[in-house]
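Read through the structure below, which is laid out as C-alpha cells, and then see the notes.
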C-alpha cells in the first residue's frame with residue numbers, strides 16, 4: 001500500500017510544480033506585455049497636426065466643404081502616421097445613397113494598394 005501513496009503524492013507534487021511554473025510564465029508574459037505598452041506609449045506621442053480650412057484644397061465643384069476636406073486630410077494623416085503636409089487629397093467624391101456600399105467596396109479594393117495601413 002505504501003508505493004501507491006508515494007506515487008500519488010509524487011503526482012500531486014509534480015502537478016503542483018507544473019502549475020506554479022505555468023503561473024510564473026503567465027505572469028512574466030503579462031509583465032513583458034505591460035512594459036512594452038508602457039515603452040511604446042512613452043515613445044509615441046500624439047503629433048500635433050494643424051491644418052486649417054484655408055490651406056485645404058478648394059473642392060467646391062463636388063459640393064464638399066473645405067472644412068470637410070481638411071478634416072478628412074487630418075484623419076488620414078493620423079491614420080497613416082504621417083504629417084498633413086506629406087499628404088495630398090486629390091479627389092473626394094460624394095456617393096449616391098443607393099450605390100454607397102457597393103461603390104465603397106470597389107473604391108477600397110482599387111485604392112487599397114496605394115494606402116499604407118498602420119500596423120499594430
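The values are calculated or read from the model by the stated rules, or taken from the named source; none is laboratory data. Since this is a predicted model, take the numbers as computed values, not measurements. Reconstructed Cβ throughout: ideal geometry from the backbone, glycine too, with neighbour counts over all protein chains shown.
Details
- When 107, 51 are screened for being at pLDDT below 60 and surrounded by 10 or more Cβ atoms within 10 Å (Cβ to Cβ), only 51 passes.
- The set of residues in the range 63-80 being more than 17 Å from residue 93 (Cβ to Cβ) and surrounded by fewer than 13 Cβ atoms within 10 Å (Cβ to Cβ) consists of 67, 79.
- For first residues located in the range 89-103 and modelled with pLDDT of 70 or more, partners that are outside any loop (DSSP other than H, G, I, E, B) and surrounded by 10 or more Cβ atoms within 10 Å (Cβ to Cβ) and lie 6+ apart or on another chain with Cβ distances below 7 Å form the pairs 89/69; 89/72; 89/73; 92/69; 92/72.
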